[in-house]
1. With the requirement that a residue be of a type in the set (A, V, I, L, M) and under 26 Å from LYS37 (Cβ atoms), what does the range 109-138 give you?
2. Has the range 75-88 got at least one residue that is within 17 Å of GLY26 (Cβ to Cβ), crowded, with 19+ Cβ neighbours inside 10 Å, touching a Ser or Thr at 6+ places or on another chain (Cβ under 8 Å) and not small (Gly, Ala, Ser)?
3. Which residue, of SER110, SER62, SER58, SER52, is touching a helix residue (DSSP H, G or I) at 6+ places or on another chain (Cβ under 9 Å) and within 24 Å of GLU16 (Cβ to Cβ)?
4. Being aliphatic (A, V, I, L, M) and surrounded by 19 or more Cβ atoms within 10 Å (Cβ to Cβ) is the filter; apply it to the range 49-65 and report the residue that is farthest from GLU28 (Cα to Cα).
Amino acid sequence: MERPFALDDVTDYAREYALAHARAFGMEAAELATFLKDRFGRPAVALITGTSDVNGVSRWASGRVAPELSRVQKMRDAFIVHQLLARIFAGEDRAAAWFTGENQLLNGDSPASSFKQGNVSSVYHVVRSLYGVLEDERARTAQIGFSL
């Protein structure tokens, strides 16, 4: 049975963030665009980066066109959030679904839509909260002697 959360695998937010951040800044814009396009799809990457040109995402991924620096930064942040979520949810598909689905912690917006609106810090706050919930759950289950 697949677990919805990776209680045993997730260490702490700061460590996971630092690893994802290092990976994101080690990638070229084309690599970031390809990674996100393959997981979220072109329309979601266009939404995240605030571009109306869905085909531009493919041009970024191919390296034919370089996105503006502000769009690269949004892709880096999206990559970092995806990596953090993949650790929480024990899989990339779940992370992508969370990123593109409505979220009540973001007033019903999707994290992707929040990126477009410039609310990247709100998305990070929600992800950090999820890590806090997992840390609390790990501590609680350790006290009572069993794990999910």
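Values quoted throughout were computed directly from the atomic coordinates according to the rules given, and no laboratory measurement underlies them. Keep in mind it's a predicted model, so treat the numbers as computed, not measured. Quick reminder, even Gly has a Cβ in these numbers, built from the backbone with ideal geometry, and neighbours come from all protein chains shown.
1. Selection gives ALA112, VAL120, VAL123, VAL126, VAL127, LEU130.
2. Yes, there is a match, as at least one residue in the range 75-88 is within 17 Å of GLY26 (Cβ to Cβ), crowded, with 19+ Cβ neighbours inside 10 Å, touching a Ser or Thr at 6+ places or on another chain (Cβ under 8 Å) and not small (Gly, Ala, Ser).
3. Just one listed residue meets the conditions, SER110.
4. By that ranking, first place goes to VAL57.
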